[in-house]
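Structure first, then comments.
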Amino acid sequence: MADPLEAPHRANAEPSDSPDTKTNLLDAAENLFAHEGVHRASLRAITQSAGANLAAVHYHFGSKEALVREVLARRLGPLNRRRIELLDQVEAADAMPAVKDIVRAFVQPTLEMVQRERGGHAFARFVCRTFSEPDESFRDIVLEQFRDIVARFTTAFERSLPDLPREELFWRFHFMVGSMVHTAGLGFLAHRLSDGLCNPTDLDGLTTRLVRFLTAGLEAKATAIQEADPG
């Protein structure tokens, strides 16, 4: 199985669904951000890949930071709305839903986006790379997109895990996000390391395994942290 992100390629190597310049710029930026990182992907390289010019970037976005924001918002907006939709359904069916159902509402839209949307793999890799960028402003842009989602889902988890300390819940939420992002952006590694035994394109199987793994972690007994002996 080929790594969908093994080597950089031009965003317009495949025909775009829309000839719109703004869409082409977003596609090109997303692809180059995934392969090179935000700092290394120059506006000139983005415009060349999109078949546009620098003036088009300034016309549509105004700045590189604004371009980054829109690349993220284009995917994360619908993704987060889908998460809330699924969580609403889960909570409508049960005032105290099973943890596994809350987990699925959170991770399933991401895995579906990666496998079903054109450019989904590149976007997942871009999000992975964002947290290694030297400029904290880019990480802050990602975090802005997640604050409301984190608040809504931690509230749901608190109702279903009433005995779990809040600090512990936030750590486990952090671990859940990390597992999801790594799986979405680098799932092909499992295929390589298992000599083909693991199939990251099996959406149902992948989702079921990830949900089961994360649910077990969230439902585990609270961690007992021993104070260091000052003497």
Calculate, in nm to one decimal, what Ala224 and Phe131 gain on full extension: separation in residues at 0.36 nm each, minus their alpha carbon distance. 30.6 nm
Spatial separation of Cα centroids for region 167-224 and region 120-154, in angstrom: 18 Å
Residue span Thr155 to Ala93: 0.36 nm per residue of separation minus Cα-Cα distance leaves a gain in nm of 20.7 nm
Report ³J(HN,Hα) in whole Hz for each residue of region 163-174, in order, from the Karplus equation J = 6.51 cos²θ - 1.76 cosθ + 1.60 where θ = phi - 60°; Gly and Pro get x. 8, 8, x, 4, 4, 5, 4, 5, 4, 5, 4, 4
What is the helix-to-structure angle for 120-130, meaning the angle in degrees between its Cα long axis and the longest Cα principal axis of the chain, kept from 0 to 90 and rounded to the nearest 10? 80 degrees
Fully extended contour minus Cα-Cα distance, from Ser63 to Arg212, at 0.36 nm per residue: 49.4 nm
Calculate, for Ile84 and Asp204, the FRET efficiency according to 1/(1 + (r/R0)^6) with r their C-beta to C-beta distance and R0 25 Å; round to the nearest 0.05. 0.65
Spin-label point model (7 Å from Cα, Cβ direction): what's the Arg139 to Leu189 distance in nm? 1.8 nm
Would you calculate, for the chain, the mean residue ellipticity at 222 nm contributed by helices, counting each DSSP H stretch of 4 or more residues as -39,500 (n - 2.57) and dividing by all residues, to the nearest 500? -23000 deg cm²/dmol
Sorted by average packing, counted as other Cβ atoms within 10 angstrom per residue and highest first, what order do 162-171, 183-192 take? 183-192, 162-171
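Quick note: the coordinates plus some simple rules give every number you see, no bench work behind them. Computed from a prediction, not measured in an experiment: that's the story for all the values here. Quick reminder, even Gly has a Cβ in these numbers, built from the backbone with ideal geometry, and neighbours come from all protein chains shown.
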